[in-house]
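Below is one structure, written out as structure tokens, with a few remarks after it.
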Amino acid sequence: MHNFLRYIRQNRKKIIKGVLIIAFFIIMLNLLNYFIKDEGSNDSSSSDIYNTSNGTIVSDKSAVSGGKISTRELEKVSNQINDFVELCNSNKVEDAYNLISDACKEALYPNIEYFTNNYYDILFNGKNREYTIENWTGDTYIVKFTEDLLATGKSTKENSYSDYITIVDENGEKKLNINKFIGKEEINKKGENDNIKAEVLSRSKYFDYEVYEIKVTNDTDSPILLDQLLDSETIYLKDNKGNRHYSYNNEIVKEDLKIFSGFSKTIKIKFDNPYITGRKIASLNFSEAVLEYDENNYGSISTTKVSVNL
């Protein structure tokens, strides 16, 4: 112990100098960490997080393409979605309903009662929802809803729901397509074979499927059946890369596909075609339309193909 104290007295200046050097490096390291954190919190391009007064935009990049969205555009979008959600949170159902596009109302919510029962009551029902906003692709955004954890006592995952909301222009105003409805497109393309005329009037795009409205006219001398629904791959869309996207045959009523001679019928068919930007549908096809259809004839039948190039 005596030798240790003597060593300290003899080398006091060197020890103090060493301690000061170590302290200096520790202080500089802490300052460097502070400035890095401060720059990160103030630089939106580094954090990719934008805070708004209501919802939170979790990223300035498209979840699909990775492309960056301008801050100004994000603020405009967040305000439009915020208005809708906050009206629902405040139980102002009619005002929220008025922010929905006419196309979305026609496709999903023809009146406010239907909107209340099939959207508001399911998602909100008097509860206050917290939410975040993230661009999916184009004008479509993922809105993730959660309930207040302190109010429910349940985990966020148990009480979460994601909707895909699309911003659209309608008569000079911005409106919303909700509940995964992307939008409706007028087509009006025709095709004909063996005196059967088919016209694709429109298609309604949803996040995970499409619905086509088709008018078919039977100019033959006998009833026809557009498909027997025995095979799930006989009614399909073909895209510009040759891929096929098949109809939901289980949702088609066979009687709807039967058309008498000299008559026309308008039908809607749902196809397994998730929303992907850049993919184009080249044609819609009924590959086994039955000619001279007789539901009592179990013998051989004659079929034809009816296609519409889109």
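Can you go through 247, 300, 264, 232 and tell me which one is at negative phi, under 31 Å from the mean Cα position of the chain (by Cα) and surrounded by fewer than 20 Cβ atoms within 10 Å (Cβ to Cβ)?
Result: 232 is the single residue among 247, 300, 264, 232 that is at negative phi, under 31 Å from the mean Cα position of the chain (by Cα) and surrounded by fewer than 20 Cβ atoms within 10 Å (Cβ to Cβ).
Taking the options 222, 247, 204, 232, name whichever one is touching a Gly at 6+ places or on another chain (Cβ under 8 Å) and not assigned by TED's automatic domain parsing to the domain that holds residue 102.
So the residue among 222, 247, 204, 232 that is touching a Gly at 6+ places or on another chain (Cβ under 8 Å) and not assigned by TED's automatic domain parsing to the domain that holds residue 102 is 204.
Residues in the stretch 160-213 that are farther than 18 Å from residue 110 by Cβ and part of a loop (DSSP other than H, G, I, E, B): how many?
7
Spot the failing condition for residue 196; the list is (1) within 28 Å of the chain's Cα centre (by Cα); (2) crowded, with 18+ Cβ neighbours inside 10 Å; (3) within 27 Å of residue 301 (Cβ to Cβ), and only one is missed.
Against the list (1) within 28 Å of the chain's Cα centre (by Cα); (2) crowded, with 18+ Cβ neighbours inside 10 Å; (3) within 27 Å of residue 301 (Cβ to Cβ), residue 196 comes up short only on (1).
Taking the residues in the stretch 140-161 that are under 24 Å from residue 275 (Cα atoms) and modelled with pLDDT under 90 as candidates, determine which candidate is farthest from the chain's Cα centre (by Cα).
160
Which of the following residues is surrounded by fewer than 13 Cβ atoms within 10 Å (Cβ to Cβ) and under 19 Å from the mean Cα position of the chain (by Cα): 106, 113, 73, 94?
None of the others qualify; the one that does is 106.
Condition first: of a type in the set (Phe, Trp, Tyr) and in a strand (DSSP E or B). Now tell me which residues in the stretch 214-249 satisfy that.
236, 246, listed by residue number.
Out of all the residues in the stretch 79-121, which are closer than 19 Å to residue 205 by Cβ, hydroxyl-bearing (Ser, Thr, Tyr) and outside any loop (DSSP other than H, G, I, E, B)?
Listed by number, the list holds a single entry, 119.
The values are calculated or read from the model by the stated rules, or taken from the named source; none is laboratory data. Because the structure is a prediction, the values reported are computed rather than measured. Cβ sites come from the backbone with ideal geometry, for glycine too, and all protein chains shown count toward neighbours.
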